[in-house]
Amino acid sequence: MSAARAAAPLDVARVRQQLDQARQLLAGARELLAELYETRAWVTLGLPDWQTLCARELPELAQLLTLAERQSLVVELRRGGLSLRAAAAPAGVSAATAKTWTDNAGVQLATVTSLDGRQRPATAAPAPGRHRPRPLTDRLVELIGAEPGGLDVREVCRRARIGREQAGPALCRLAAAGRLSYVAPARRGLMGRYVTERINP
């Protein structure tokens, strides 16, 4: 078989079949991770905690998965009832990043399984006299709405004191929901801006 023939693209049916297989494998991996967590597999291996098990036994998850795949993994594990720290560990991210991803995905749980295996409320009750922090998306809309000309991504990150990995997905979701509009730059080399008023086509 020639090199050109070997490199020929697959037919549509074969590609669809492979995509279905990949989805099934990913779903199976999430189920296995949840089972390992629920059965406290780290205790069986003599490891101190779940994070150590993920870092030592499954480092390829954080290394090989794309950012989008890691976000999806964290969101699905959280939906399955894992705590933020537990859902974050296989993806190699912090609990704060996991919270941003799951908040942006709209995941809301009443209870979660914490690292000691106990069921606990998903969110701690606010201390007397303290208010819950506002959602990041609401804060970004308020920040951008306060500027008549809008803000670019760098300005959003600086004013909200967040990184691009948090700002990017949140801004995209707000634009998709119609709460923000993106204004393309006037010329190359400039950055586009996000504004609160709707842009008419």
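Before moving on, here are some points about what is shown:
- Of all the residues in the range 134-158, those that are closer than 16 Å to Leu190 by Cβ, charged (D, E, K, R) and assigned to a helix (DSSP H, G or I) number 2.
- Scanning the range 35-56 for residues that are surrounded by fewer than 16 Cβ atoms within 10 Å (Cβ to Cβ) and either among the aromatic types (Phe, Trp, Tyr) or under 18 Å from Leu25 (Cβ atoms) (or both) yields one hit, Glu35.
- Scan the range 179-196 for residues that are part of a loop (DSSP other than H, G, I, E, B), closer than 17 Å to Ala146 by Cα and either out of contact with any strand residue (DSSP E or B) (no Cβ under 9 Å at 6 or more places or on another chain) or of a type in the set (A, V, I, L, M) (or both) and the total you get is 2.
- Verdict on Arg120 being modelled with pLDDT under 85, closer than 22 Å to Leu84 by Cβ and surrounded by 10 or more Cβ atoms within 10 Å (Cβ to Cβ): yes
- Elements of type helices (runs of 4 or more DSSP H) contained in the range 1-101, each with 2 or more residues being of a type in the set (A, V, I, L, M, F, W, C) and modelled with pLDDT under 85: 3-6, 12-38, 59-64, 67-79
- A search for C-beta distances below 7 Å between a residue of the range 46-72 that is within 14 Å of Ala34 (Cα to Cα) and any residue that is surrounded by fewer than 14 Cβ atoms within 10 Å (Cβ to Cβ) and not basic (Lys, Arg), counting only pairs 6+ apart in sequence or on different chains, returns Leu53/Leu45.
- Some residue of the range 152-170 being more than 24 Å from Thr97 (Cα to Cα) and at pLDDT 85 or above: no
The values are calculated or read from the model by the stated rules, or taken from the named source; none is laboratory data. Because the structure is predicted, anything quoted here is derived from the model rather than measured. Heads up, the Cβs are rebuilt from the backbone with ideal geometry, glycines too, and the neighbour counts pull from every protein chain shown.
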